[in-house]
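What follows is a short report on a single structure.
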Amino acid sequence: MKINLPKFAIVLLALLSSLQVVFGIRFVIDREECFSHNIQSEGDTVHLSFVVIKVDGAWHYSQDGVDLVVKGPSGGQIHDFRDKISEKFEFGATKGLHHFCFTNKSPYHETIDFDVHVSHYTYHDQHAKDEHFNPLFEHISKLEEALYNIQFEQHWLEAQTERQAIVNDAMSQRAVHKAIFESAALIGASVLQVYLLHRLFERKLGMSRV
């Protein structure tokens, strides 16, 4: 296959100018937090994921999760997640501003890791007319998409692992505190038994002397 270098350079520049959009954020939610993201092209695929990393206070651990409502540019609801600790989702988007609103129904602050990745394929037929350029551009775009998906998945798994580590640490602390409390209760019960037995023997001894 013979490639015209100027045309190939134009294809690479076109590819660099159409890099896919990825953003991630970690935030602490009290009651409600909303984010918006502008989708530049019709038909782009939006990948989103979130993980509730932790709940403030080791003694306040729960499995309640958070709610997430995704709305399109027209205000119509695209998806609604309820009481989720973690979730991944993708949808075909329309051009315009999309909104992502989280709701925390628990009385405690929660830390959330949130990622959005927008997939977009661009073809510039006006720049490259050779019949070999379109397949090449398509393969490069698919490779780029695969790399972004790996990064997206890795970040989600890392957030899941971090959450699990925090949960395990909280449960370990609770187990230690419970063991200390049970030990203290057992020692207290033993001391009380010794005291009562001592009183009982004293009373019997006094009665026997009479």
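What follows is calculated from the coordinates using simple rules that are stated; it is not laboratory data. Please read all numbers here as calculations on a predicted model, not as lab measurements. Methodologically, a virtual Cβ is constructed for each residue, glycine included, from the backbone with ideal geometry; neighbour enumeration extends over all protein chains shown.
Calculated FRET efficiency, E144 and D67, Cβ-Cβ r, R0 41 Å, to nearest 0.05? Write down the numbers at each step before the final one.
Values: r = 33 Å, r/R0 = 0.81.
The computed FRET efficiency comes out at 0.80.
Could you tally the net charge around F27, taking each other residue with its Cβ under 14 Å from the Cβ of F27, Lys/Arg +1 and Asp/Glu -1?
On the way: positive: R26, R31, K54; negative: D30, E32, E33, D56, E110, D113, D115.
Residues near F27 contribute -4 overall.
How much net charge surrounds C101 when only other residues with a Cβ under 12 Å from its Cβ are counted (Lys, Arg +1; Asp, Glu -1)? Intermediate results must be reported in sequence, preceding the final value.
Working: positive: R31, K71; negative: E32, E33, D67, D80.
Around C101, the surrounding residues sum to -2.
Just add up the charged neighbours of A170: K/R +1, D/E -1, any other residue whose Cβ is under 14 Å from the Cβ of A170. Don't skip to the end; give the middle numbers.
On the way: positive: K54, R163, R174, K178; negative: D56, E110, E162, D169.
In short, 0.
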